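A.B. asks: One structure coming up, written as structure tokens, with questions to follow.
The values are calculated or read from the model by the stated rules, or taken from the named source; none is laboratory data. Bear in mind the structure is a predicted one, so any value in this text is a computation, not a measurement. Methodologically, a virtual Cβ is constructed for each residue, glycine included, from the backbone with ideal geometry; neighbour enumeration extends over all protein chains shown. Keep in mind that these areas ignore ligands, DNA and RNA; they rest on the heavy atoms of the full protein, side chains included. Shrake-Rupley method; radii C 1.70, N 1.55, O 1.52, S 1.80 Å.
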Amino acid sequence: MVFMTVAEAAALLRIGERTAYTLVREGRIPAVKVGNQWRIEKSTFEAWLAKGGDLANTPDEGQGSNR
């Protein structure tokens, strides 16, 4: 498994880092919290993005809800 930081995901989405963190915390971007940091599994993120960024179509639905 390869993981990305929220900053790396934000750069790929061409959005601000703050916005990306908000979307992660809201569960709108699939992510997991490791300690006190958020990480995004690259393959899950790519699949989510390919489906239009709709969390309902995420392969592991609800993965972004860890708060």
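A.B. asks: Scanning the stretch 15-42 for residues that are among the small types (Gly, Ala, Ser) and in contact (Cβ under 8 Å) with a residue 12 or more places away in the chain, which turns out surrounded by the most Cβ atoms within 10 Å (Cβ to Cβ)?
C.D. replies: Ala31
A.B. asks: Scan the stretch 1-11 for residues that are at pLDDT 95 or above and open to solvent by 20 Å² or more (accessible area, probe 1.4 Å) and report the count.
C.D. replies: Qualifying residue count, the stretch 1-11: 6.
A.B. asks: Cβ contacts < 6 Å: first residue under 9 Å from Ile29 (Cα atoms), restricted to the stretch 45-64; second residue at pLDDT below 90 and not in a helix (DSSP H, G or I), any location; separation 6+ or different chain. Result?
C.D. replies: Close Cβ pairs (under 6 Å, with a partner that is at pLDDT below 90 and not in a helix (DSSP H, G or I)) amount to Trp48/Thr58.
A.B. asks: Among (1) open to solvent by 20 Å² or more (accessible area, probe 1.4 Å); (2) on the phi < 0 side of the Ramachandran plot, where does Gly53 come up short?
C.D. replies: (2)
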